[in-house]
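Comments concern the structure below.
The values are calculated or read from the model by the stated rules, or taken from the named source; none is laboratory data. Everything numeric in this text was worked out from a predicted model, so none of it was measured. Glycine also receives a Cβ, built like all others from the backbone with ideal geometry; neighbour counts cover every protein chain displayed. All accessible areas refer to the heavy atoms of the entire protein, side chains included, with ligands and DNA or RNA removed. Shrake-Rupley method; radii C 1.70, N 1.55, O 1.52, S 1.80 Å.
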Amino acid sequence: MTENRNLTVGGLEVEAGEKKTGWLKLGTRPDGTPLGIPLVVINGAKPGPRLALIAGVHGDEYDCCEGLRRFLSDVDPSTLSGAIVATTQANPAAFESFSRHSPVDHLDLNRCFPGNPDGFLTERVADALVTHIVAGADYLLDMHSGGMTLGLMPFVGFDDSPGEFGEKSFKLAQSTGIETLYAAVPFKNVLRLVAAESGVPSILVEIGSEGRMREDLAEQARMTLAGVAQRLGMVPESEKWTVPYTENHTIVRAAKTGEFLQAPTGGFLLHRVALGQTVEAGEILGEIVDPFGEQLHEIRAPHGGLIGEMRTVPATRIGDWTYAVLPVAGSVPTGSDLQTLRNLP
């Protein structure tokens with residue numbers, strides 16, 4: 001819990017009841033102009049938890065970046081209990097090039113954690129995020145969208161590891177109010193795994209897709225953050241933050257074969273299903289055709305589940321992600337514990 005005292009984060013000294021913005025400095029570009037990560041620190045007037053919020057790990061994901069910016073603008077430090085440490089654009093080089101990867105070193109930031117302060121630019125970004133934003137947090141929200149090539153239905157990933165840590169992650173996921181919750185242990189080199197190894201409960205929030213910023217989805221991201229902050233006891237309820245609740249959550253899991261079906265050949269992808277649709281094992285999801293319309297490959301569901309994500313760019317290369325068919329474990333009421341999940345089929 002953050003006591004009612006001054007905070008120093010990334011060189012920003014923030015008194016209780018104060019909000020400050022600044023930069024996590026990375027160095028300079030080749031032309032000598034500064035390069036850094038935007039930083040927002042809100043130190044509440046009252047003691048409470050410290051909440052880390054990171055959006056923009058991938059530079060082509062915008063809905064959560066804007067939703068987070070709006071949420072931070074709404075927070076009044078005089079009524080905040082605890083502290084919020086956040087960035088709305090975690091990956092500046094990738095953001096500039098509206099790309100998933102950095103154009104400087106061609107690395108995916110969410111495969112570079114915990115980073116290296118003496119490494120490539122993306123590794124230095126990872127280190128800065130961990131050192132200044134994740135360190136000292138009581139909770140972390142890692143916020144993403146589908147990027148340029150993927151459509152996705154909103155969902156929240158949580159760590160379903162047995163014990164108190166998994167319980168905190170599950171409760172945090174439920175506090176978002178988003179219906180679909182994705183039970184999965186974080187894998188190597190992603191931000192949430194580093195948080196877990198540091199003892200910081202975290203969730204992955206996925207809202208938005210296709211490299212666009214939709215007003216309704218930015219607002220959903222803002223309201224999601226408001227719901228989490230309210231349920232952590234950090235902000236008071238207010239008319240401007242009328243947070244929707246869901247009575248039940250659909251629990252999905254990653255397939256044993258992996259999250260995505262990958263294209264075995266290049267071509268033009270044509271869909272036979274829609275995002276959020278429930279499919280059966282063997283059902284045709286789409287087909288890849290050549291420039292003359294001849295079928296090169298038919299994509300079928302290897303198992304039943306929800307179409308949680310799908311490629312929305314028709315041009316498809318060998319190995320590209322096409323569909324994520326997420327097996328449905330069942331439905332649980334809001335407020336459930338992990339033991340409830342253990343009892344699902």
**Request:** Scan segment 140-188 for residues that are in a helix (DSSP H, G or I), among the aromatic types (Phe, Trp, Tyr) and out of contact with any helix residue (DSSP H, G or I) (no Cβ under 6 Å at 6 or more places or on another chain) and jot them down.
**Result:** Phe165
**Request:** Could you figure out which of (1) open to solvent by 10 Å² or more (accessible area, probe 1.4 Å); (2) over 25 Å from Lys188 (Cβ atoms); (3) modelled with pLDDT of 95 or more isn't true of Asp108?
**Result:** (2)
**Asked** How many residues, within segment 51-94, are of a type in the set (D, E, K, R) and either closer than 27 Å to His106 by Cβ or crowded, with 24+ Cβ neighbours inside 10 Å (or both)?
**Response** 4
**Asked** Got at least one residue in segment 95-105 being open to solvent by less than 50 Å² (accessible area, probe 1.4 Å) and over 24 Å from Arg69 (Cβ atoms)?
**Response** yes
**Request:** Kindly provide the set of residues from segment 135-169 that are more than 27 Å from Gly211 (Cα to Cα), more than 15 Å from the chain's Cα centre (by Cα) and either of a type outside the set (Asp, Glu) or crowded, with 24+ Cβ neighbours inside 10 Å (or both), ordered by number.
**Result:** Ala135, Gly136, Ala137, Ser161, Pro162, Gly163, Phe165, Gly166, Lys168
**Message:** Of the residues Gly146, Gly82, only one is over 21 Å from Thr28 (Cα atoms), touching a Ser or Thr at 6+ places or on another chain (Cβ under 7 Å) and at pLDDT below 95; which?
**Reply:** Gly146
**Request:** Determine if segment 323-338 includes at least one residue that is touching a residue at least 12 places away in the same chain (Cβ under 8 Å), part of a strand (DSSP E or B), farther than 25 Å from Gly166 by Cα and touching a Phe, Trp or Tyr at 6+ places or on another chain (Cβ under 9 Å).
**Result:** yes
**Request:** Just one of (1) within 30 Å of Phe170 (Cα to Cα); (2) among the β-branched types (Val, Ile, Thr); (3) open to solvent by 30 Å² or more (accessible area, probe 1.4 Å) trips up Val325, so point out which.
**Result:** (3)
**Considering residues of segment 289-322 that are of a type outside the set (Gly, Ala, Ser) and either closer than 27 Å to Leu172 by Cα or touching a Lys or Arg at 6+ places or on another chain (Cβ under 7 Å) (or both) only, the residue most open to solvent (accessible area, probe 1.4 Å)** = Trp321
**Prompt:** Quick one: is Ser238 within 30 Å of Asp127 (Cα to Cα) and polar (S, T, N, Q)?
**Reply:** no
